[in-house]
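The values are calculated or read from the model by the stated rules, or taken from the named source; none is laboratory data. Owing to the predicted nature of the structure, the values given are computational and were not obtained by experimental measurement. Heads up, the Cβs are rebuilt from the backbone with ideal geometry, glycines too, and the neighbour counts pull from every protein chain shown.
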Amino acid sequence: MSWAIEVNNLNVWYGDKHILKDVTFKVPKNIIFAIMGPSGCGKSTLLRAMNRLLDLNPYARVEGQVKINGIDVYSDNIDITWVRRQFGMVFQIPNPFPHLSIYENVALGPKVNGLVKDKSELDRLVKRALEQAYLWDEVKNDLKKPASMLSGGQQQRLCIARALALKPKIILMDEPTANLDPVASSKIEELMLELKEEYTIIIVTHNPQQAARISDYVAFLYMGELIEIGETSMVFTRPKHELTEKYVVGRMG
Amino acid sequence: MNKRKIIEKLMLGVISTLAVISAIPIFAIMFNVYAEGLKHVNLSFLIDLPPPPVGDRVGGIGPALVGTFTLVSLAMVIGGAIGFFTGLYLSEFSHTKLSQYTQMFLQIMVEFPTIIIGLFAYTILVAPIKRFNALAGGFALSIVIIPYIALNVREAYKSIPYTLKEAAFSLGVSAPVAYLRILLSTARRGVLTALLIGMAKVAGETAPLLFTILGTTFTYFGGLDQPINAIPLLIYNFALSPYERWHQVAWGAAAVLLTIILLIFIVSRLIVKEVKL
Ligand SMILES: Nc1ncnc2c1ncn2[C@@H]1O[C@H](COP(=O)(O)OP(=O)(O)OP(=O)(O)O)[C@@H](O)[C@H]1O
Ligand SMILES: [Mg+2]
C-alpha cells in the first residue's frame, strides 16, 4: 500500500510547552482521514506541522518526520514552498483575502506559482475549482465582487476552491464547519465525499459525529498523544482504548 | 438639574472650548499664509527664477520647487525603501533581539533634532567634497524619514490578521511574494499613509538642509553633486533678507509649501477612507 502521508515520532513544542508527543500514523491515499479530540489537544498544531505552516511561528519547534511520497518534509535542503504546495489548507475560520475579488482569491495561488500559461487556462482552472467547491452557481455573476461580501459558508467554500486551485495532493481541513450553520456544514461534508475521489483529505474535528459520518479512518488525539487510530467503523463500535470510548460515547450518548 | 449633572456639563463645556482653542492656530496659520502669500502665486511664480533683490521683475521659486521635488524623491527612494523594509523586518521578526533593539533606536531617532542629522550629513557628504550638494540633502532627509516610515510600516504589517498570513503562506509562495505581493495589498492603507505622511514631513523640513544644500543657488538642477534649493530653505533665506521683494517671494513660497503639504494630507485621508471592507 502506498501512503499519502506518513508521520513518524512527531514532537512539537511551543517554547517549553510540549504540545505533540511522539505522534506516529499513516494515511492511505484517497480517503478521508479524521483527527478528533478535545479542544486544545493539538489538532490544529498537527495539521500545521504537516505542511510546515508551523514555521511561521518562531516559538514552535518540531522534531520527527512527516513524509509525503517517501520524502521527509523536514529534511535539510527541502524547499518549503514545494512542501506547502503539496497541501491545500482550509482553516477553522474562513479566511479569504477580503480585499481581493472572488475570482482573484482563487486565481492568486495558480498565478503566483506559475501553474497556468495564460488567462484562458486560468479562467478554466478558477471555474473548475469553484465548481468543485459547489460555489460556481452562486458566484458566477459576481466574480469581480470582493470576497468579503460572501456569507460565512460561501467564504469557506471559496477557501476550499482556493485550496483546490493549487492542484494539491492532500487537503488539510481544520474544523472547516466549526463556524457554519447545519445547512452550510452538510454542504461541505458532501463536498468532501466528492473530493476524496481525487484527493486525500485530512480533516480535524472536535465533533465525533462528524468524524463518524464522513471519515474512513479516524485518529483520536488526547493531550498531544495519539491514543487510537483505525477504521472509523471499528473505532466507533469497538474502541480499543478507554479514553476513546469515553470521548466517543460521552459526546454521542 | 442636580449638582453632578451641572458639573458634568460645565466640564464638557470647558473641554470642548479647549479643543476648539487648540485648533485655532492651524486655521490662523493657514489664514495668515494664504492672506500674505496667495496673491503672489501664479504659474510663472512656480516656474521662474527668483527675482533680484530690488527692481520690478516679479520672479518665482522654480529652482526651489524643482529642488524640493528632487530632494523629496531622493528621500522617498532611499529613506522610503530602507524604512519600508526595516518596518517589515520589525514586524515579522519582532521576536529577535536585533529587531527589538532596532525598534528602540528608531523610536529614539524619531525624536532626534533634525539639525543634528543635517550636521551628520555635512560631515560625511559635504565636508569631504567641499561642496554643498543635493545628495547630502536627500541623504539627510532620508535619515529623518527612515524611523518614521519604519515604525509606521511595522504597525501596518502588524495589523494584518495572523489567519491571512497563514492563508498567504499556505499557497506555497516564498516570503517575498507573500509579504510584497499578497499581504502588502492587505496592509496598503497603512503603508501608503506612512509613506505619504513621511513625504509631507520631509517636504517641509528646513534644518537638515541648512548644512547640506545651503540653498543659495539660482540654478534649477545641476546634478546630484551640486548645490540645489528647496522651498523651506528659500523661505528661511528670503524671509531673513532685508529686501521687501524677497519677503513677498517667501510668503508666496510658504503658500505653495502649505498647499503641497495639505494636498498630501488630503490624499492620505482619502486613501484611509477608500477601502472600508
Ligand atoms: N501560537 C501558540 N503559542 C503557544 N501555544 C499555543 C499556540 N497555539 C496553540 N498553543 C497551545 O497548544 C495547544 C494545542 O493547540 P491547538 O490549537 O493545536 O489545539 P486544537 O486541538 O486545535 O484545539 P481546538 O479544538 O480548540 O482548535 C493548546 O494548549 C494551545 O494553548
Ligand atoms: Mg484547532
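Tabulated results
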quantity	calculated
Enumeration of residues in the range B:228-252 that are crowded, with 24+ Cβ neighbours inside 10 Å and assigned to a loop (DSSP other than H, G, I, E, B)	B:ILE228, B:ASN229, B:ALA230
Residue count for the range A:41-88, restricted to those that are within 16 Å of ligand 2 (Cβ to nearest atom) and among the small types (Gly, Ala, Ser)	4
Meets criteria (in contact (Cβ under 8 Å) with a residue 40 or more places away in the chain, farther than 23 Å from B:ILE160 by Cβ and within 16 Å of ligand 2 (Cβ to nearest atom)) for A:VAL23	yes
Contacts under 7 angstrom Cβ, first residue in the range A:159-174 being away from every other protein chain (no Cβ under 12 Å) and free of Cβ contacts under 8 Å to residues at least 60 places away in the same chain, partner outside any loop (DSSP other than H, G, I, E, B) and of a type in the set (Gly, Ala, Ser), 6 or more apart	A:ALA161/A:ALA129
Residue in the range A:27-36 that is assigned to a strand (DSSP E or B), crowded, with 17+ Cβ neighbours inside 10 Å, within 11 Å of ligand 1 (Cβ to nearest atom) and over 16 Å from the mean Cα position of the chain (by Cα) present	no
Residue satisfying all of: in the range B:178-199; buried (at least 19 other Cβ atoms within 10 Å of the Cβ) and within 8 Å of chain A (Cβ to nearest Cβ); modelled with the highest pLDDT among these	B:ILE182
Residue in the range A:49-64 that is touching a strand residue (DSSP E or B) at 6+ places or on another chain (Cβ under 9 Å), in contact (Cβ under 8 Å) with a residue 12 or more places away in the chain, within 11 Å of ligand 1 (Cβ to nearest atom) and closer than 16 Å to A:ILE5 by Cα present	yes
Close pairs (9 angstrom Cβ cut-off, 6 or more residues apart or separate chains): over 17 Å from A:LYS246 (Cα atoms) in the range A:209-222, buried (at least 24 other Cβ atoms within 10 Å of the Cβ) and small (Gly, Ala, Ser) anywhere	A:ILE214/A:ALA34; A:SER215/A:ALA34; A:ASP216/A:ALA34; A:TYR217/A:ALA34
One residue from A:TRP82, A:TRP136 being over 16 Å from the mean Cα position of the chain (by Cα) and facing chain B (nearest Cβ under 9 Å)	A:TRP82
Matching helices (runs of 4 or more DSSP H) fully within the range B:159-223 where at least 2 residues are in contact (Cβ under 8 Å) with a residue 12 or more places away in the chain and of a type outside the set (S, T, N, Q)	B:162-170, B:188-203, B:207-210
